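Notes follow the structure.
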Amino acid sequence: MAPEVIENKNYSIKADVYSYGIMIWEMCTRMTPYGDMTQQQISLYVSVKKGRPDKSLIPSHTPQLLVKLMEQCWDEEPNNRPSFEQIINYLKRMM
């Protein structure tokens with residue numbers, strides 16, 4: 001869940017972009033992020049401590065362009081996250 005959603009702030013489609021970045025991490029690692037934390041701990045970690053899933057768990061063979069996209073989707077500032085149209089264009093260029 002995007003930090004702005006956790007904090008009950010106004011949010012936009014960019015919250016879904018954040019979630020998409022988390023899904024990329026899950027697909028690359030085949031793991032559940034924050035698996036050792038409770039829901040309350042995750043909320044605190046993501047919203048207050050600005051934490052994100054552990055990038056060291058991403059396999060080394062993962063294309064760096066995909067890692068970069070993932071990080072852009074996690075940006076703390078929702079307006080800095082790419083739109084889904086930009087994501088699609090980015091993925092097409094990667095292919």
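The values are calculated or read from the model by the stated rules, or taken from the named source; none is laboratory data. As the structure is a computational prediction, the values presented were derived from the model and not from experiment. Note that we place each Cβ from the backbone using ideal geometry, even for glycine, and neighbour counts take in every protein chain shown. Heavy atoms of the whole protein, side chains included, go into the accessibility calculation; ligands, DNA and RNA do not. Shrake-Rupley method; radii C 1.70, N 1.55, O 1.52, S 1.80 Å.
Structure notes:
- Ranking TYR18, TYR11, TYR45 by solvent-accessible area of protein heavy atoms (1.4 Å probe, all protein chains present), from largest to smallest, gives TYR11, TYR45, TYR18.
- Note, ³J(HN,Hα) from phi for the range 33-42, Karplus 6.51, -1.76, 1.60, rounded to Hz, x at Gly and Pro: x, 6, x, 9, 10, 7, 4, 5, 5, 4
- Summed over the residues of the chain and divided among them, the accessible surface reaches 66 Å² per residue at a probe radius of 1.4 Å.
- Nitroxide proxy distance, nm - points 7 Å out along Cα→Cβ at PHE84 and ARG30: 2.8 nm
- Spacing of the modelled spin labels on ASP75 and LEU91, each 7 Å from Cα toward Cβ, amounts to 1.9 nm.
- Simple spin-label estimate for TYR45 and SER19 gives 2.0 nm between the two label positions (7 Å along the Cα-to-Cβ direction from each Cα).
- Debye, to nearest 20: dipole size of the chain, +1 on Lys, Arg Cβ, -1 on Asp, Glu Cβ: 240 debye
- Cα extents of the range 14-64 along the three principal axes, largest first (Å): 32, 26, 15
- Sequence of LEU66, LEU44 when ordered by accessible area, the most exposed leading, probe 1.4 angstrom: LEU44, LEU66
- Percent accessible area from carbon and sulfur atoms, the chain, protein chains only, probe 1.4 Å: 53 percent
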